[in-house]
Amino acid sequence: MTAPPPVTARLADGVTAISPAHWDACAGAANPFLCHAFLSILEESGSVSPRAGWQAVPIIVDGADGVPIAIAPAYAKRHSQGEYVFDHAWADAWARAGGSYYPKLQVAVPFTPVPGPRLLLRDAAAAPALIAAVEAVVDRHAMSSAHATFVAPDQVPLFEAAGWLIRAGTQFHWANDGYTCFGDFLDALASRKRKAIRKERAAAIGGLTVRHVTGSDLTERDWDAFWTFYQDTGSRKWGQPYLTRPFFSLLGARMGERVLLMLAERDGRPIAGALNLVGADTLYGRYWGCTEEVPFLHFELCYYQAIEAAIARGLKFVEAGAQGEHKLARGYEPTLTYSAHWIAHPGLRQAVGAYLDQERVAIADQVEALASYTPFKKSE
């Protein structure tokens, strides 16, 4: 029997220290948040840094030829901000028991609750070696735990097989059921819901112009306007924005063709905006903000305009971010999301595991109940 080829695991000093070609050969092109450009922009803009509490330490498994065959986008962290899968209760419990929960290792896209691969695999057979390398980093650097958040469903069994604890969550995603226009989507809804959406849209855009900007049409003036919106929303939600102003300029310059910026303007002056990224089959809504309160404008820019854009581009899905049961009435259906957790201490691991067993049942029941309230016509 021939022995498998040797592999080597190593840590890199940031995404920027890795060849873009090598990274993207593992990450693929489907999910824009996992590409080398996006993750390196986070670092270069100062949005991700040790000072911000996100120290980029990608974990790499090399093949026999020294070229990466698997990468985990990993970050050493000393807090739990910007993750959207909340483990503050675990940290508090461990602190009360006399333990130190931080530092911990986060395998994720910073500030981005978008499901996707967390094991970036050029060679699928390298998955166990990569997971073992993540566990080894936790052990060797005296970390409490590793957390792979918003894991693509098809990768969950890989973590389960390695003995990681699995956590479930809920988001609301829109699915394109072969619609050719927004009217087709409305026709699929119950009459009362259809009328409600038409009223919301009319109220939202009265006196406004909505402009979709992408690629080389993105200007610094557009980003200045959106930065104002983003700061306002960020300060209210998180206390301070996670992203820096240079992040947006770099995003437009390097990934402009994958950016869809929607601006609502009154007399040529932007008053609200929503930022989306375009994937292979999905439109990802990320940030929203405004300087003028207009009824239903949030729903218009973030949900209805996103649906129209997805239909026009032939995309299958719209993912409009974390949480938000208000999305349900607007055609976004409850969807399970997953995270995987490796906890070093057996006692803490057992306690968290028992909690997650109960939580998963509750989440599954919640999704089933929410699904019965979708606005679509009910079959007889």
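May I ask you to rank 262, 143 by accessible area, largest first, using a 1.4 Å probe over the protein chains only? It would help to have the intermediate numbers written out before the result.
Numbers: 262 0, 143 25 Å².
The ordering from most to least exposed comes out as 143, 262.
Please work out the FRET efficiency for the pair residue 211 and residue 240, using the Cβ-Cβ distance as r and a Förster radius of 30 Å; give the result to the nearest 0.05.
Numbers: r = 28 Å, r/R0 = 0.95.
So the FRET efficiency works out to roughly 0.60.
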Note to self: Just to confirm, what accessible area per residue do you get for region 88-131 at 1.4 Å probe, in whole Å²?
What the structure shows: 36
Next item on the list: Please give the contour-minus-distance gain from residue 350 to residue 161: 0.36 nm per residue of separation, less the Cα-Cα distance, rounded to one decimal in nm.
Entry: 66.3 nm
Notebook entry, point to check: Dimensions of region 173-284 along principal axes (Cα, Å, largest first)?
Noted result: 45, 32, 29
Notebook entry, point to check: Where is the GNM fluctuation largest for the chain (alpha-carbon springs, 10 angstrom cutoff): 32, 241, 58?
Noted result: 241
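Give, in nm to one decimal, the length gained when the segment between residue 373 and residue 312 is fully stretched (0.36 nm per residue of separation minus the Cα-Cα distance).
Numbers: separation 61, 0.36 × 61 = 21.96 nm, distance 2.69 nm.
Using 0.36 nm per residue and subtracting the Cα-Cα distance, I get 19.3 nm.
As a quick test, which of the pairs 316/377; 104/316; 104/327 have an alpha carbon distance above 24 angstrom in this structure?
On the way: 316/377 20 Å; 104/316 36 Å; 104/327 33 Å.
Result: 104/316; 104/327 exceed 24 Å.
So what's Rg/Rh here for region 332-380, counting alpha carbon atoms and using the Kirkwood radius for Rh? Kindly include the intermediate steps, with their values, before the conclusion.
Values: Rg = 15.9 Å, Rh = 13.2 Å.
Looking at region 332-380, the ratio lands at 1.20.
Find out how many positive minus negative residues lie around residue 101, taking Lys and Arg as positive, Asp and Glu as negative, among other residues whose Cβ is under 12 Å from that of residue 101.
Once all neighbours under 12 Å are counted, the net charge is +2.
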Checklist line | Max mean-square fluctuation residue, GNM over the chain, Cα-Cα springs under 10 Å, options 74, 203, 306 | finding: 203
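Give me the extension gain from residue 187 to residue 67: residue separation times 0.36 nm, minus the current Cα-Cα distance, reported in nm with one decimal. Could the numbers behind the result be given before it?
Values: separation 120, 0.36 × 120 = 43.20 nm, distance 5.15 nm.
Separation in residues times 0.36 nm, less the Cα-Cα distance, equals 38.0 nm.
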Note to self: Can you tell me which of 354, 152, 280 moves the most in a GNM of the chain? Springs connect C-alpha atoms under 10 Å apart.
What the structure shows: 354
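Return the calculated 222 nm mean residue ellipticity for the chain, to the nearest 500 deg cm²/dmol, obtained by summing -39500 (n - 2.57) across DSSP H runs with n ≥ 4 and dividing by the residue count. Please list the in-between numbers first.
Values: 11 runs with 131 residues, N = 380.
The helix-only estimate for the chain comes to -10500 deg cm²/dmol at 222 nm.
Considering only protein heavy atoms and a probe of 1.4 Å, how much of the accessible area of the chain is carbon and sulfur, as a whole percent? If you can, show how the numbers build up before the last one.
Details: 9030 of 16730 Å².
Heavy-atom surface of the chain belonging to carbon and sulfur, 1.4 Å probe: 54 percent.
The values are calculated or read from the model by the stated rules, or taken from the named source; none is laboratory data. In this text the structure is predicted, and so the values were computed from the model without any measurement. Neighbour counts run over all protein chains shown; Cβ positions are idealised from the backbone, glycine included. Only protein heavy atoms, including side chains, enter the accessible area calculation; ligands, DNA and RNA are left aside. Shrake-Rupley method; radii C 1.70, N 1.55, O 1.52, S 1.80 Å.
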